[in-house]
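Below: one structure, written as structure tokens.
Bear in mind that the values in this text are calculations on the coordinates, not laboratory data. Here the structure is a predicted model, which is why all the values come from computation and not from measurement. A quick note on method: Cβ atoms are made from the backbone with ideal geometry, for glycine too, and the neighbour counts reach across all protein chains shown.
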Amino acid sequence: MSKHNKKRNVGIVYQQVLRRAAEAAVDGDKEHANECISLLGRHFRQGTELYKEHRLFRSILDTHGVDTQMASRVLSIAKEVSRSIDSDEIGKQKGAFINEANRMFGKGVLFDTHVENYRGLATVQLLINEWRHPGTLGADETAIFEDRLQSYMMTATSPEVLQREERVDDLTVSMFQKRFDESYGAKLNAAQKEFVVAIAFDNSELVDKMISEAKAKAVNLLDARVRRESNQMLIERHGSVRRNIINFECSDEESRVKAMTLFSLIEELENEDV
């Protein structure tokens with residue numbers, strides 16, 4: 001039997017760094033938030049084995065409400081992909097990440113950070129290890145874990161469970177929001193506070209919706225501003241700023257923290273006397 005090592009669980013450590021970034025943003029420590037995002041950017045950049053394994057995590061855990069055949073097919077593909085990842089190289093990359101994380105946060109500090117769905121993330125990593133190196137789990141364990149993931153992909157959240165989770169989340173978010181208002185109201189605008197709460201509580205649907213709406217609103221405000229602008233230099237800059245906003249893609253989780261500047265731009269444009 002293989003013991004689960006949370007320090008080498010790609011899904012867990014990625015979420016832990018994101019949570020640290022969100023907490024730093026809440027505390028007004030923009031420098032540390034950016035350091036966290038840069039850490040992910042260095043180690044999980046496209047083309048790395050860490051990037052490939054993290055995408056494998058997401059392809060499994062983001063699959064919901066499918067039938068038995070599709071769930072089985074997803075697992076089959078996941079097995080093939082896991083075997084295509086260079087085991088020696090990803091071992092080195094995980095070691096390099098752990099070393100830098102220990103230097104950045106203090107030895108072992110990051111890896112004690114709470115994450116949602118710990119059990120699911122642990123199950124995926126144990127199975128990836130087994131698929132890549134058969135024998136790390138017992139046959140019975142492998143069958144149980146694969147059945148667990150297949151059931152997870154097939155089963156939608158029941159209304160009762162969803163309602164219970166929503167009540168707990170409402171209370172937690174309210175307390176979190178109260179802390180914002182008391183301590184950081186002057187540092188973050190209303191949209192930024194809502195955005196950081198969404199990140200901190202892993203509400204990806206709200207995060208994506210806010211970014212999409214912010215892009216559209218920023219472009220409209222920017223266009224309205226330039227129509228009234230007489231400064232030629234600002235008019236020339238309008239085109240490049242507009243393109244940057246339109247081309248901004250929330251293609252990964254780390255780009256969400258960078259979107260904070262978009263809410264600042266909107267506030268500035270809305271408050272200008274034009």
Give me the number: length gained by fully extending residue 59 to residue 99, i.e. 0.36 nm times residue separation minus the C-alpha to C-alpha distance, one decimal in nm. 11.7 nm
Rounded to whole Hz, the Karplus (6.51, -1.76, 1.60) HN-Hα couplings of segment 140-153, x for glycine and proline: 5, 4, 4, 4, 5, 5, 5, 4, 4, 5, 5, 5, 4, 6
Could you tell me how far the Cα centroid of segment 206-224 sits from the Cα centroid of segment 27-75, in Å? 25 Å
Inter-site label distance for residue 206 and residue 116 at 7 Å from Cα along Cβ, in nm: 0.9 nm
So, in nm, how far is label residue 31 from label residue 224 when the simple model puts each one 7 Å beyond its Cα toward the Cβ? 3.7 nm
Based on the mean of other beta carbon atoms within 10 Å per residue, what is the order of 42-51, 138-147, most packed first? 42-51, 138-147
For a Förster distance of 22 Å, can you work out the FRET efficiency between the beta-carbons of residue 154 and residue 80, rounded to the nearest 0.05? 0.60
Mind scanning 6/52; 6/30; 3/52; 92/209 and naming the pairs with a C-alpha gap bigger than 25 Å? 6/30; 92/209
³J(HN,Hα) computed for each position of segment 115-130 - Karplus, 6.51 cos²θ - 1.76 cosθ + 1.60, integer Hz, glycine/proline x: 10, 6, 6, 4, 4, x, 5, 5, 4, 4, 5, 4, 6, 4, 4, 5
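Which of the peptides 208-217, 85-94 is most tightly packed, and how do the rest follow, judged by the mean count of other Cβ atoms within 10 Å per residue?
Working: 208-217: 15.8, 85-94: 14.3.
Put in order of decreasing packing, that is 208-217, 85-94.
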Can you compute the FRET efficiency between residue 69 and residue 247 using 1/(1 + (r/R0)^6), with r the Cβ-Cβ distance and R0 = 45 Å? Round to the nearest 0.05. 0.70
Here, residue 269 and residue 190, labelled 7 Å along Cα→Cβ, have an inter-label distance in nm of 1.8 nm
